[in-house]
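Rule-based calculations on the coordinates, nothing more; no lab input. All of these numbers come straight from a predicted model, not from anything done at the bench. Don't worry about glycine lacking a Cβ; one is built from the backbone with ideal geometry, like all the others, and counts go over all protein chains shown.
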């Protein structure tokens, strides 16, 4: 079990991964297994703790490879920002990255035991917290990420996928 330092925040990296779609950009979300310690059954970005000696970029690349078995080259991820956020009683030093998954990569997704499902959700719906299917509940951290950086992610989606792809 990971030792939590009450004074120093846990270092965490997360990635919002956009997927081009005909009806606007989608983002990849993963459903957490019921047996995980935090936020079982809820949906989230790829994310995880940054190990000792890792940079945030190395951490999110490792976590993405572990969680969906798709390695992302460093140039495919862009740093969006870093903030301290609360997750219950824990303070996280969260580093958010943005990247684009190609449609062909979706067929290669293999989930780790930490997750039970994946889905592509329309960014416009997620960003406005509307049009999300019944029974889909985001983790508090994922909601916080989008409340802090939603506008910047929206700009990155438009820049990377073009205005015709973002609806």
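Residue ranges 43-51, 117-125 sort as 43-51, 117-125 when ordered by packing (mean number of other C-beta atoms within 10 Å per residue, highest first). The convex hull around the C-alpha trace of segment 10-160, projected and averaged over every direction, spans 8.6 square nanometres. Peptide packing for 57-65, 151-159 was compared via the average number of neighbouring C-beta atoms within 10 Å per residue; ordered from the highest value, the list is 57-65, 151-159.
In the chain, the DSSP-assigned H stretches of four residues or longer account for a calculated mean residue ellipticity at 222 nm of -8000 deg cm²/dmol, using -39500 (n - 2.57) per stretch and the full residue count as denominator. Sorting the segments 133-146, 77-90 by their mean number of nearby beta carbons within 10 angstrom, highest to lowest, gives 133-146, 77-90.
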